[in-house]
């Protein structure tokens, strides 16, 4: 997927927009995504789904601003998690 500017913030904004548009028009969007991430991580916190992805990708982190290497890792992790989530939910065929 092409992400404008290749930045995590653009990807997160795109996914938020997708989710809101889908729900507004009767689709599931990313319903259950945050709960799925919490289950995948094995514990909860007060972070939005974007924070949950950072926890999974980086373990402990203390700043929203990430280094280039951290951001790349979070983007890769986000795509992998999204693929898993959609496959489990039935939104995508499972990778062979």
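The values are calculated or read from the model by the stated rules, or taken from the named source; none is laboratory data. Computed from a prediction, not measured in an experiment: that's the story for all the values here. Cβ: placed from backbone, ideal geometry, glycine included. Neighbour counts: every protein chain shown.
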* To do: Working only within the range 82-96, note down all residues that are in contact with a helix residue (DSSP H, G or I) (Cβ under 6 Å, 6 or more places away or on another chain) and at pLDDT 90 or above.
  => 85
* Asked: Which residue pairs have Cβ atoms under 7 Å apart, sit 6 or more places apart or on different chains, and have a first residue in the range 66-84 that is free of Cβ contacts under 8 Å to residues at least 24 places away in the same chain and a second that is in a helix (DSSP H, G or I) and crowded, with 16+ Cβ neighbours inside 10 Å?
  -> 73/57
